[in-house]
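The structure under discussion appears below in the form of structure tokens.
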Amino acid sequence: MFKIGEFSKLSSISIRMLRYYDEKNILKPEYVDPRSGFRYYLAKQLKTVGKIQKLKGLGFSLAAIRKMLVSDDLKAHFEIREEELKEELNSIQAQGRMLESIKESLESNNSLMPYSVILKKLPERRVISLRRQVLDYYQEVKLWDALEKFSKKHQVKYVDDSYAMAIYHDSEYKEKHVDIEIQCTVSDDFEAVKDDDFKFKTVEKIQVASVTFPGAYEQMPFVTEAIAQWIEDNHYLMTGPMFNIFHVSPATEKDPNKYITEACIEVKKEVV
């Protein structure tokens, strides 16, 4: 057996960390001298050290590693971590695009970029709708994927200007478990398909304040600032949920710089 100092050298792990692993039941010494309290380890425990280091390198927490060392189902843990990494990558990419937007804004010496707000009315439309609570805003793409599959299966007929939109129904901003509805306008002669998830309905015309902007979605804070300022300056009130109309979206364009999005807020004139 090896003393803790010797095992520290062999494993490239500090004595302090080995003691911490012992306290957290991640890597227990093979033997502890009851009189001196000295910890002793076996050579075969270096294999466990190797597993711990690999799992740490993959970003697993020590709590997760403790479970994985005694688990028979490592695949489930790796699948969870894979999803976490995808979310982290999305977040990093979004942060990068946000930095680019802020740099452009600073270079123009204007915190509020020149977005043009217009007051317009969306017509009454017959739509196909899918509304679900999803984990976060990044999961909105799953709704569009589901709609695409349903449309192909049932040969849903859309109008040329389908007003493909995502409506955010929560009464406040939420980071998790968000209530999102997606809609597209279908032709009047298309016969509705009965389905528990996909609804065919007629939506009434509404009045909105909107901004149409090119580029990545990370501009949205500036866009909503512009719309909010317009609402306040022109004495309007918000009367419905915020939503986005996707004129050019990831469905047809891979380059975020080529997206064209219309951010909308339903409004009515304030009665003074």
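Any read-out appearing in this document is the output of simple, stated calculations on the displayed coordinates, not a laboratory observation. As the structure is a prediction and not an experimental result, all values here were calculated from the model. Virtual Cβ from ideal backbone geometry, glycine too; neighbours counted across all protein chains shown.
A few comments on the model shown:
- Within a Gaussian network of the chain (alpha carbon springs, distance under 10 Å), most fluctuating of 34, 256, 214: 34
- What the Cβ-Cβ distance of residue 189 and residue 232 gives, at R0 = 30 Å and to the nearest 0.05, is a FRET efficiency of 0.10.
- Highest-MSF residue in the chain out of 191, 181, 87 [GNM, Cα springs under 10 Å]: 191
- Peptides 195-204, 19-28, 236-245 ordered by packing proxy, namely the average of other Cβ atoms within 10 Å per residue, highest first: 236-245, 19-28, 195-204.
- Zone residues, segment 215-230, relative to residue 103, backbone N less than 19 Å from point 7 Å out along Cα-to-Cβ: 215-222
- Rounded to the nearest whole Hz, the Karplus-based 3J(HN,Hα) values (6.51 cos²θ - 1.76 cosθ + 1.60, θ = phi - 60°) of segment 234-246 follow the sequence 9, 6, 10, 10, 6, 10, x, x, 7, 8, 10, 9, 9, with x at glycine and proline.
- Between amide H atoms placed 1.01 Å from N, distances below 5 Å from residue 156 occur with no residue 5 or more places distant or on a separate chain.
- Taking label positions 7 Å along the Cα-Cβ direction at both residue 196 and residue 126, the computed distance is 2.6 nm, reported to one decimal.
- Contact order for segment 165-215, expressed relative to its length and based on alpha carbon pairs under 8 Å spaced 6+ residues apart, stands at 25 percent.
- Of every Cα-Cα pair in segment 118-269, the percent that sits beyond 23 Å: 39
- Prolate is the label for the chain, because a/c, from the alpha-carbon gyration tensor with a ≥ b ≥ c as root eigenvalues, is 1.5 or above and a/b exceeds b/c.
- For the pair residue 72 and residue 40, the difference between a 0.36 nm per residue extended length and the Cα-Cα distance amounts to 8.8 nm.
- Inter-label distance, nm, simple model (7 Å from Cα along the C-beta direction), residue 92/residue 173: 2.4
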